[in-house]
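Heads up, the thing below is written out as structure tokens.
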Amino acid sequence: MGRWIYAIPARLKAILLRQRIERDLDDELAFHVAMQTRANAREGMSDAEAYRRARIEIDGVEQTKERSRDVLPLRWARDAMQDVRYGLRGLRKSPRFTIAAVLTVVLGVGANATIFSVLNPLLFKPLPYPEPERIVNVFRTSPQSDRWPHSMANYLDHRARNTVFEHLAAINWEDTSLAEPGQPAERLFTLRTTGNFFALFGVAPLVGRTYTDADDQAGAAEVAVLSYGFWQRHFNGDPAIVGRPIRINAGYTTVVGVMPRDFEYPLFWGNIDIWRPFAASAQQRQDRGNNFLREFARLKPGVTLEQADAAMKAIDMQILAENTNLDRRGGIRLAELSLVNPVMRRMSAFAFGLTFLVLLIACVNLANLQLARTAARAREFAIRGAIGGGKGRLLRQSLTDSLVLSMVGGAIAIPLSFWCTRLIATRQFADLQGVRITIEPATLAFAFGCAVITGVIFGAVPAWLASRADINDVLKQHPQSMTAGRGPQRFRQGLIVAEIAFALIMLAGAVSLVRGLQRITAVDPGWRVDGVLAARLNLPPVGPNYTTPEARRVFFQTLRDRAAEIPGVTHAAVSSSSVPTATFGTSTAFAVEGRTDPVLAYNERATPEYFETLQVPLRRGRLFTADDRVGRTPVIVINEAMARAIWPGEDPIGKRIGNRGPNPNWREVVGVVGDITFPSFGASSSVDTAFQAFMPLAQTGTQFVNILLRTNREPDAIAAELRRVVSALDPDLPVYGLVTARAAEERQTASLRLLGNVLAGFSGLGLLLAALGIFGVVSYSTAQRASELGMRMALGARQSVVLWLVLKQGVGLTMVGVAVGMAGGLALGRVLSSLMPNLPAPELSVVIGTFAFMVFVALAAFSIPAWRASKTNPMLVLRHE
Amino acid sequence: MSKPPDLVQGTLDLLLLKILALEPLHGWAISQRLKQVSGDELQVSDGSLYPALHKLELGGWITAEWKTSELGRRAKFYSLTRAGRRYLEQETAHWHRLTSAISRVLALKET
């Protein structure tokens with residue numbers, strides 16, 4: 001296509017050197033006319049006639065120029081540029097309007113862009129795996145929860161029998177200690193997985209290899225894959241790490257590979273330092289009692305979630321039929337994999353929808369401003385119309401004006417929203433593992449889209465209204481005495497109603513959500529959260545103090561006693577789980593004497609002071625004592641929910657609970673304690689009160705050791721002393737996860753609180769925008785009625801009468817707006833309760849308060865301009881006339 | 001007298017290219033040459049001439065250069081580019097094929 005090369009200079013010139021092109025055109029045609037004039041003159045015409053004829057023959061110089069211009073590229077772009085220039089000139093001429101409008105766009109677009117970039121990773125970003133839609137969760141269900149873990153034996157059956165999955169993998173979180181010679185011991189977040197784990201997710205390692213089923217065999221050489229973060233932090237990204245042995249849990253494990261950075265990202269397994277295969281022993285592989293595995297599966301191509309769900313339910317039935325001692329009230333449930341739980345996801349989507357209302361309010365405000373401005377420019381438009389400016393052209397000019405405004409606003413809003421996003425990301429998400437908020441092209445595109453939509457909406461409607469105005473009417477009117485026509489006035493009233501309604505809907509949505517969340521998190525947890533400090537220890541299997549079960553018990557007791565001696569500590573306990581803010585660490589299916597079906601319950605092992613430390617109330621019987629040791633009657637304490645469910649109407653004290661299988665090792669129920677509850681946002685109930693069973697640590701032992709302290713001092717001071725106590729006992733033992741129970745609880749609800757804060761902030765913003773909008777419109781319309789009001793006052797109307805005159809309209813509009821908003825709010829409440837069925841509705845007093853607040857804000861926005869209007873000096877107004 | 005038929009679409013381009021193939025000319029000279037060669041049979045208004053030239057220029061078929069004309073005034077001279085020459089050859093051949101086909105059809109005798 002050689003010709004394009006020749007075409008480039010002419011085209012570039014046409015686009016870039018507009019003036020040059022115009023001049024060339026002038027010169028060329030002038031030359032033609034001159035030559036033709038000469039030729040005509042030679043034929044005997046007079047000079048004037050010759051010139052006239054030459055111009056006729058060329059069909060008119062200007063017309064020909066115009067036809068030549070049509071040939072030039074980017075005609076529309078040149079017109080648009082002209083419109084933009086004209087628009088900018090207009091905006092410079094009315095700075096107050098410009099500032100108000102740009103500010104509104106900045107707030108509206110900025111708010112939406114910010115919430116978009118905060119929620120983008122949670123809502124819209126695909127998981128960083130190939131074909132993520134084929135990856136699913138496989139949960140076990142029970143009457144208490146719909147996301148229980150699985151046992152190893154069940155997992156192996158699921159894996160062997162299913163025909164619907166390409167891979168079915170299981171994982172479990174674990175803490176391991178890295179103790180390289182000569183270095184302080186370090187705790188590692190470890191994910192134990194089956195050998196097919198990496199194959200399932202389909203992500204290649206950055207360095208080395210991942211492990212496979214061949215490595216996941218009892219007796220196989222121990223291998224580990226490192227996370228990018230751990231590799232960088234601990235080995236400075238040394239690629240020679242592959243093949244090197246590292247000392248984990250007092251044994252040596254070979255590093256085979258490093259995963260890329262993105263692989264750590266997903267929220268559902270948190271920050272991971274290393275991955276290790278289970279390498280389960282033959283005995284572990286037959287264990288159906290210990291449910292600790294989370295299953296992930298990759299569907300075979302073409303298999304739907306429903307088909308796989310049905311297939312897995314069938315397999316579950318088979319397993320239940322073959323193993324009569326399993327809990328029969330449970331089931332299997334498949335769920336799509338998402339970064340956050342579905343409820344959080346739906347709530348985020350809801351919040352996201354609400355912030356669109358802010359944008360909508362901003363649009364209404366802008367439409368109002370633009371309407372006022374168009375009215376002020378009505379004469380200009382009418383004159384342009386009168387001298388032949390087409391309606392389409394005028395409409396386009398108006399649209400261009402608003403687009404220019406919204407682009408300017410958008411250009412300011414985007415960096416602003418980046419800044420806000422960074423603030424939210426560092427302040428609010430700092431603790432939230434795995435979430436990485438970044439600013440992405442998608443955000444830019446979104447903000448840009450918002451700005452364009454805003455511009456079009458607020459530009460088109462007033463322009464259309466203005467274009468309908470009768471030119472003659474407008475021109476006949478005196479510029480100052482002009483009142484808006486009936487159409488625009490109605491429209492403006494409609495805008496006020498819309499503004500009140502939108503603001504109320506937004507407010508109602510935010511209040512329902514925030515109040516609902518507050519009510520969920522305010523549920524009595526069943527223990528006293530304040531004043532509790534928790535820390536964790538990880539006892540390696542070998543070590544001077546921990547070789548025998550007896551030595552471990554002695555160690556626990558010494559640890560507890562020393563911790564209790566710290567000044568300011570009123571109670572100290574050692575337990576297998578940390579503070580119960582989310583769940584307990586382990587659950588077990590217990591056998592109940594006299595019953596065939598097992599009972600699934602959380603299984604917590606603790607020293608006797610546990611209940612006092614957390615202040616869990618005793619309901620019946622007794623708590624553990626120091627006498628509940630090995631060799632004495634094994635005892636167990638259960639919670640009320642469990643007692644009620646297993647022995648309804650009976651005294652549970654003296655009943656026995658044990659292990660399933662031939663050797664139950666019956667434990668006698670000696671006490672019943674109050675329920676510990678966890679806030680739950682799942683579908684089944686708003687409160688998760690599972691069955692809870694507690695056993696004396698002295699009779700069971702545990703690998704996971706948590707120290708719980710109740711203190712009346714500053715927890716930070718206690719933390720330092722706790723470290724000193726532990727390091728005096730064993731300098732190699734790392735103390736980690738030091739956290740107050742309050743902080744642990746807050747971390748659980750961090751993302752929900754963030755959502756609440758963001759929503760509250762945005763509904764405040766929406767309200768402010770709406771109030772400003774009403775204020776602006778009313779100010780404008782009272783200013784327009786200034787002469788009428790002045791006249792009334794001159795004729796003797798009192799100030800209060802004038803005030804009421806203006807306010808009357810406001811009250812009416814507010815009532816209509818509140819009514820519409822109430823209807824919208826009810827519909828929104830319906831939507832919210834379908835998204836989150838167990839979200840408690842806000843109290844009636846809160847609902848009424850919300851409405852009252854809205855009415856108050858709206859009326860305040862009406863009264864200020866009304867009051868100002870009533871204060872005007874009638875003489876001034878009349879003289880002005 | 002009936003109005004001479006409008007030029008067949010695209011034929012003006014062909015004529016302009018052909019004229020410029022002989023020698024570079026400015027607009028007015030092209031217009032004179034057109035009238036001279038085709039007589040009154042083809043009426044090309046000067047008004048359609050310039051947009052057509054500019055279109056060819058933007059298309060890369062011809063290129064323009066400001067030079068001093070025979071009367072000492074600066075004028076815009078158009079000349080054929082290589083692409084334009086190739087295009088002219090193609091289009092000429094195409095024209096011949098088309099017209100001979102039409103002639104053959106029109107030469108059919110009624111029986």
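Brief remarks on what is shown
- The residue that is farthest from A:Ala582 (Cα to Cα), among those in the stretch A:713-754 that are touching a Ser or Thr at 6+ places or on another chain (Cβ under 6 Å) and modelled with pLDDT of 75 or more, is A:Ile718.
- Filtering the stretch B:56-86 to residues that are in contact (Cβ under 8 Å) with a residue 12 or more places away in the chain, within 7 Å of chain A (Cβ to nearest Cβ) and assigned to a helix (DSSP H, G or I) leaves B:Glu57, B:Ala83.
- Within the set A:Phe418, A:Phe448, A:Phe458, the sole residue that is aromatic (Phe, Trp, Tyr), assigned to a helix (DSSP H, G or I) and at pLDDT 80 or above turns out to be A:Phe418.
- The residues listed here are A:Leu305, A:Leu326; of these, the one that is over 37 Å from the mean Cα position of the chain (by Cα) and open to solvent by 10 Å² or more (accessible area, probe 1.4 Å) is A:Leu326.
- Which numbered condition A:Phe230 misses (of (1) among the hydrophobic types (A, V, I, L, M, F, W, C); (2) under 33 Å from the mean Cα position of the chain (by Cα); (3) open to solvent by 30 Å² or more (accessible area, probe 1.4 Å); (4) over 28 Å from A:Arg285 (Cα atoms)): (3)
- Filtering the stretch A:577-622 to residues that are assigned to a strand (DSSP E or B), open to solvent by less than 20 Å² (accessible area, probe 1.4 Å) and not polar (S, T, N, Q) leaves A:Ala589, A:Phe590, A:Ala591, A:Val592, A:Val599, A:Leu600, A:Ala601, A:Glu604, A:Ala606.
- Qualifying helices (runs of 4 or more DSSP H) (wholly inside the stretch A:24-110; at least 3 residues being within 12 Å of chain B (Cβ to nearest Cβ), within 24 Å of B:Lys67 (Cβ to Cβ) and open to solvent by less than 40 Å² (accessible area, probe 1.4 Å)): A:61-71
- Residue, most open to solvent (accessible area, probe 1.4 Å), within the stretch A:519-560, restricted to residues that are at pLDDT 85 or above and in contact with a Lys or Arg (Cβ under 7 Å, 6 or more places away or on another chain): A:Asp530
- Residue in the stretch A:133-167 that is nearest to A:Lys300 (Cα to Cα), counting only those that are within 30 Å of the chain's Cα centre (by Cα) and in a helix (DSSP H, G or I): A:Arg134
- Residue among A:Gly790, A:Gly796, A:Gly817 that alone is open to solvent by less than 60 Å² (accessible area, probe 1.4 Å), within 46 Å of the chain's Cα centre (by Cα) and not charged (D, E, K, R): A:Gly817
- Within the stretch A:777-787, considering residues that are out of contact with any helix residue (DSSP H, G or I) (no Cβ under 6 Å at 6 or more places or on another chain) and small (Gly, Ala, Ser), the one most open to solvent (accessible area, probe 1.4 Å): A:Ala783
- Extreme residue, most open to solvent (accessible area, probe 1.4 Å), among residues of the stretch B:38-55 that are more than 8 Å from chain A (Cβ to nearest Cβ) and not in a helix (DSSP H, G or I): B:Glu41
- In the set (1) open to solvent by 10 Å² or more (accessible area, probe 1.4 Å); (2) over 17 Å from A:Ala690 (Cα atoms); (3) aliphatic (A, V, I, L, M), the condition left unmet by A:Val574 is number (1).
- The residue that is most open to solvent (accessible area, probe 1.4 Å), among those in the stretch A:10-20 that are more than 8 Å from every other protein chain (Cβ to nearest Cβ) and within 54 Å of the chain's Cα centre (by Cα), is A:Gln19.
The values are calculated or read from the model by the stated rules, or taken from the named source; none is laboratory data. Treat the numbers as computed from the prediction; the structure is a model and nothing was measured. Don't worry about glycine lacking a Cβ; one is built from the backbone with ideal geometry, like all the others, and counts go over all protein chains shown. For accessibility, only protein heavy atoms count, side chains too; no ligands or nucleic acids. Shrake-Rupley method; radii C 1.70, N 1.55, O 1.52, S 1.80 Å.
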